[in-house]
Amino acid sequence: MKTRFWKSLYGLLLVLSSPSSGATEIDSLRRLIPALPDSEKTFLYGDLCWAFKPVSMDSALYYARKAVAFSTKRSLKRGMAQAYSDLASVYFHLGELDTAAKYYEYSLERWQKLNDTAKIGASYLNLGAVKNDIGDTDRSIEYNFKALKIYESLGNPKIQVLILNNMGNSYRQNIDFVNARKYYEEAVALANRSGDKHSMAMAMGNIALIHAHQEDYQKAIDLNQKAYEIFKETRDQNAMHTALNNLGAYHRKLGDNEKGIAYYRKALEISEQAGDKQGQAKYLNNIGNVYSETGHYTRAAEYHFKALELSASIGAKLYLRDVYESLVQLYRRQGQYEKALDMHRKFIAVKDSLLNIEKSRLIAEMQTKYDTEKKEKQIAELNRNSTVKALELDQERSQKNYLIGAAVLLLILGLWIHARYRYRQVLIMDETKLNSQRLKLNSMIEGEEQERKRIAKDLNNGLGGMLATIRKAMIELEKKASSSSSGKSERFSKTRQLINDAGSELQHITQNMLPDVLISEGLSTSLQKVLDNISSLKTELETQGKPYRLDETIEITMYRVLQEVLNNCLKHSKASWLSVKLIFHQNEFIAEVRDNGVGFDPLALENEGLGLKNIRSRIHFIGGRVQLVSQPEEGTTVILKVPVTPLANET
């Protein structure tokens, strides 16, 4: 089981509304509704949405939708802009990121029409946060730059620090640790100047994450310890137990399980004081994982079942899923495969349940979208016709359409459940077919390599031998011709040089088809020799981590794919500089090829070329993934990530 590190702060700006969430405040807000004018009711619904967030997300979603419907019906422009933002924030917390982004964009459009600079800046910041979590880091950075410019003009250093942290997170997610650290350090400096210790500690924790990614766990520990002391000073218990959890994870990475478990216990103690039951469940499970991995199975089971009971009591299905997965590993280590299978079934059941919840939310979102768009059309028609009666008739039709739509959605849900049942029935058969396909593909790749080796040997032994024989004959003829005619001697000399060039080209071809250095010395050395043969532009090779040998199939596949990427760069990029970076993590190998060429817009590609499709299919076959980052006139970066099990150190 992988220990979950502290997820870095990626701020969703919560400045548009921030009411208290106690029961008394909620009741007070509800009693205010009848007495307020329409222009204020929308914002009160928004306050209720925010008040319910810590208590009930269903109630928060209800009031957010009510605010949208109420403001839309009455054409309240500021109310609509705020209501869409509140609705987006609920979907963000529910994990419906695409839906959240859409409603934040609706809100941004309306704030721009109202020319409200502060709210425009908040919308940019919120969109940056959502786009980062979706994985669209380029758009996230773009939105954060816009937000930063606005808040610099407004003179708000606290939010500037938050934005700088966010930008660092986006660059870190793109594995651009240089820029990530730059923005984190700017955040630390600005927070220090403005006296914002808490934000400074958040940035320090993020820098610690970079050190952890680079496997410099001691530096990560030192920075995280400083951040913890600041959180302790500011009495932020949630940040304190999260930082302690990270310290436990970092010490475990250094092989010190005793310190790791001590920090987990301290995190558990503080989360209990803070009343954070989700944190308690996570730390109980982490402690159980340490005992499980070190062979203390009885104590591991004790902590896992405590985590299981707590997760079930609060309905935290995400944590239930993690605990069941931990129990599967525990029973497998003990050889109790029947119990492991039982826990695996429960793990699948919770996972499927989470999928059903997401489907229900999607149906609710579709209905909200339907209602909202229908209301907007009704308002437009009302303004044109100036008749309330027409709107009432349309509302009656909407209710009928709602019932029909609900029935259709229920039918779709029923069909989905039936399809899911059939899918589970054929799961084992599909898995068998998939394994068979993988074996066939593996055989095909091995066959290709064997054929490359055969052709290379045939060329070397056959054509290479013939060229050597011709070279000797030409030398003899040249000696005879030199005594009789200087003109003939010169022609013989040129012919011999052409034969030498042909031999060199033949040797280059056979080396590409059968790279002996790859087999004998590994990927780093063989790629260096490939780069040494490139004379048309400046090249460099950088390695991070201790190089190790990969499985033969993965190593050969990565070599062929990197050859293809380098050839594409030479043919199309018009670059003057090219860099290859090889990152050797414990469980993942990353290859990054970057150039400073003309670049292109990946979104503008109607169809990927055969070369790129070939690269994706080969990397997908070995379980990896391809990330392509490019902008016109800004060069291109290709990132290949493959899960690995190191076999031995490179020679």
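Yes/no matrix, rows are residues, columns are (1) surrounded by fewer than 24 Cβ atoms within 10 Å (Cβ to Cβ); (2) within 24 Å of ILE141 (Cβ to Cβ); (3) at pLDDT 90 or above:
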| residue | (1), (2), (3) |
| --- | --- |
| ASN179 | yes, yes, no |
| ALA187 | no, yes, no |
| ALA201 | no, yes, no |
| ARG235 | yes, no, no |
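Being among the hydroxyl-bearing types (Ser, Thr, Tyr) and surrounded by 16 or more Cβ atoms within 10 Å (Cβ to Cβ) is a condition met by no residue of region 112-121.
Counting the residues of region 205-239 that are free of Cβ contacts under 8 Å to residues at least 12 places away in the same chain and within 19 Å of GLY545 (Cα to Cα) gives 2. Within region 305-319, take every residue that is closer than 17 Å to SER292 by Cβ and hydrophobic (A, V, I, L, M, F, W, C) and give me the one that is least open to solvent (accessible area, probe 1.4 Å). So the residue we want is ALA307.
Among the listed residues ILE159, ILE141, ILE120, identify the single one that is out of contact with any Ser or Thr (no Cβ under 6 Å at 6 or more places or on another chain), of a type in the set (Val, Ile, Thr) and free of Cβ contacts under 8 Å to residues at least 40 places away in the same chain. So that I can check it myself, show each step before the final result.
Details: ILE159 fails: free of Cβ contacts under 8 Å to residues at least 40 places away in the same chain; ILE141 fails: out of contact with any Ser or Thr (no Cβ under 6 Å at 6 or more places or on another chain).
Testing whether each residue is out of contact with any Ser or Thr (no Cβ under 6 Å at 6 or more places or on another chain), of a type in the set (Val, Ile, Thr) and free of Cβ contacts under 8 Å to residues at least 40 places away in the same chain leaves just ILE120.
Quick check on region 160-177: of everything there that is open to solvent by 20 Å² or more (accessible area, probe 1.4 Å) and in contact with a helix residue (DSSP H, G or I) (Cβ under 7 Å, 6 or more places away or on another chain), which residue is modelled with the lowest pLDDT? If we take residues in region 160-177 being open to solvent by 20 Å² or more (accessible area, probe 1.4 Å) and in contact with a helix residue (DSSP H, G or I) (Cβ under 7 Å, 6 or more places away or on another chain), then GLN173 is modelled with the lowest pLDDT. Here is a check on your reading of the model: is PHE92 under 24 Å from TYR151 (Cα atoms), of a type in the set (Phe, Trp, Tyr), modelled with pLDDT under 90 and open to solvent by less than 60 Å² (accessible area, probe 1.4 Å)? In short, yes.
Yes/no per residue for (1) surrounded by 20 or more Cβ atoms within 10 Å (Cβ to Cβ); (2) modelled with pLDDT of 85 or more:
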| position | (1), (2) |
| --- | --- |
| THR557 | yes, yes |
| ASN587 | no, yes |
| ILE590 | no, yes |
| LEU610 | no, no |
| LEU647 | no, no |
| GLU650 | no, no |
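So, ASN568, is that one in contact with a Gly (Cβ under 7 Å, 6 or more places away or on another chain) and modelled with pLDDT under 90 or not? Here the answer is yes, as ASN568 does meet what is asked.
The values are calculated or read from the model by the stated rules, or taken from the named source; none is laboratory data. Please read all numbers here as calculations on a predicted model, not as lab measurements. For neighbour counting, all protein chains shown are included, and Cβ atoms are generated from backbone atoms with ideal geometry for every residue, glycine included. Only protein heavy atoms, including side chains, enter the accessible area calculation; ligands, DNA and RNA are left aside. Shrake-Rupley method; radii C 1.70, N 1.55, O 1.52, S 1.80 Å.
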